[in-house]
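Structure first, then comments.
Bear in mind these aren't lab numbers, they're just calculated from the coordinates by the rules spelled out. For clarity, every value in this text was computed on a predicted model and none was experimentally measured. Every residue, glycine as well, gets a Cβ built from its backbone with ideal geometry; the counts of neighbours run over all protein chains shown.
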Ligand code: GLU
């Protein structure tokens, strides 16, 4: 054995497999030409964040558009920051938003696929095998520096005004011999394994980012850590080994990782791997007092994906909205293909925003209203009740007491060629439909200024006498028009406009009075349909209450 081989045995004596073993275990994927393999690799250190959902969508649609594979990998090497239930929350959240996972963690507890395990804490032996090979080749070495020693180096570098870090002549153990290392290990000294960097600060690396275009950066000359003293790899090293063995073709991740690309490309080369293509996703931004800033987990409720679920934004609407953020050509496509799943959209990474798109709740509301308007009353019923079951028990009870009635409420101005576009999220539904449910009905009988109380009462009394719950919309309005002249109102708006001084108002005003009488509101969807759903007895009862309360 030469001294590098002795060093490798000294540092990682328990590793007996070779890298060839893993290369054979995880052969190339059998996919059609051009298929992209993408992934998200969340750390379970917090709940599902909008940025992660967005990155997952971009990765998913990239794989879908090329008949590729999208998988999940859990990067849990930092056990101290892990939160209980973190994996479940992230994966369940993706499932809730319809982001299909082909491979990796498909639920909080279940992994599937031939390239696993998909959890870094279960892959220690794999990383160590690759590190051992680098040590054997003299490309990595043990470093025994303590935190205090590293701090002292840093202070000295700052005093001398040179670049900080473990590089060049500052890399104390770069040339440590087998004998020196053995003596320190025999003393029980802990060590990390560092890369023996072959990079030079003066040289540039150039790479083509699939989202941001050409990027130029200095080569990495830092002997950064590959394996920590507990045998767990750093993010950089695990990324190279995992994305190589899992055959990722495109690493599409948050742009906070751009500055690490020189390290990553260097690692791929040193390990003899083909580097993946990189694409760095700009963060979703928010306007704060006129200034654009990154959406923040701390300040913005919408940064946590739970916000959308609690508010009752339909997951499809959120995804459609995020597609408009992801692709500048999505909205045109959506207009041309109103009923097609977003999955059929041909996504192009080049169409992504380079500077960071703004999160815009007004736009989300707009997209949602459009999508919700296309749902059938049965779908609305299923979705609202599912939402209410989780977030508003009282509303759930009311909605499910008489499902047929509730469905007929949701059918008003729906299931028609020009459906209503008034609901953006389910949390609005309770207030919105309150007048359709006795338990929630809190009428406001305030009349418009141009109508006096006596006229309103006269009209409602006259209407009660002719009201027929079998009327269609035309007949329904004709009855109002017929009453109008008997109390000094014009039957036709035209008439009123031609001679406003001759009338108190027109039939349209009287329909508003009826609307207020029956629903306690000035604005509702089609009143004739509402009255049909409420039924004759309820309508008469409400009109009587209105007459007495006006
Ligand atoms: N674990 C990293 C993170 O959560 C993943 C970055 C990547 O996708 O490579 O930011």
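Can you give me the Cα centroid spacing of segment 119-167 and segment 1-41 in angstrom? Answer, in whole Å: 20. Normalised by residue count, segment 225-329 yields a Cα convex hull volume of 180 Å³ per residue. Each 5 Å bin from 0 upward holds the following percent of the Cα-Cα pairs of segment 298-399: 2, 11, 20, 20, 19, 14, 8, 5, 1, 0. DSSP beta bridges in the chain, what fraction antiparallel, as a percent rounded to 5? Taking every DSSP beta bridge with both residues in the chain, the antiparallel ones total about 60 percent. In this calculation the C-beta distance from residue 84 to residue 418 is compared with R0 = 56 Å, giving a FRET efficiency of 0.70.
Cβ crowding within 10 Å, taken as a proxy for footprinting-reagent exposure, orders 449, 179 from fewest neighbours to most as 449, 179. Reported to the nearest whole Å, the Cα centre-to-centre distance from segment 191-207 to segment 503-550 is 77.
Here 274, 80, 112 are placed in order of increasing Cβ neighbour count within 10 Å, fewest first, which gives 80, 274, 112. The simple Förster model, with R0 at 35 Å and r as the Cβ-Cβ distance, assigns residue 1 and residue 273 a FRET efficiency of 0.85.
For helix 124-136, report the angle its Cα long axis makes with the longest principal axis of the Cα atoms of the chain; keep it between 0 and 90° and round to the nearest 10°. Computed tilt is about 40 degrees.
In this simple spin-label model, placing a label point 7 Å from the Cα along the Cα-to-Cβ direction at both residue 473 and residue 361 gives a separation of 3.4 nm. Working from label points 7 Å from Cα in the Cα-to-Cβ sense, the residue 14 to residue 373 distance is 6.3 nm. Here the sum of -39500 (n - 2.57) over DSSP H runs of 4 or more residues, divided by the residues of the chain, equals -13000 deg cm²/dmol at 222 nm, to the nearest 500. One chain, two ends: residue 453 and residue 298. Fully extended at 0.36 nm per residue, the span grows by 50.6 nm beyond their Cα-Cα distance.
Length available on full extension from residue 482 to residue 521: 0.36 nm per residue minus the Cα-Cα distance, which gives 11.7 nm. Every Cα-Cα pair in segment 352-463 was counted, and those over 24 Å apart are 44% of them. Label zone of residue 157 (point 7 Å out along Cα→Cβ, amide N under 19 Å): in segment 215-244 this covers 217-229, 234-237. With a Förster radius of 25 Å applied to the beta-carbon distance between residue 67 and residue 332, the computed FRET efficiency rounds to 0.55. Size descriptors for segment 175-298, from the alpha-carbon set: Rg then Dmax equal 18.3, 62 Å. Mean projection of the Cα convex hull over all viewing directions, computed for the chain: 34.0 nm². Quick check: Cα centre of segment 324-358 to Cα centre of segment 399-440, how many Å? Cα centres, segment 324-358 to segment 399-440: 31 Å.
Compute the helix-to-body angle for 261-270: its Cα long axis versus the longest principal axis of the chain, expressed 0 to 90° and rounded to tens. In the chain, helix 261-270 runs at an angle near 50 degrees to the longest axis.
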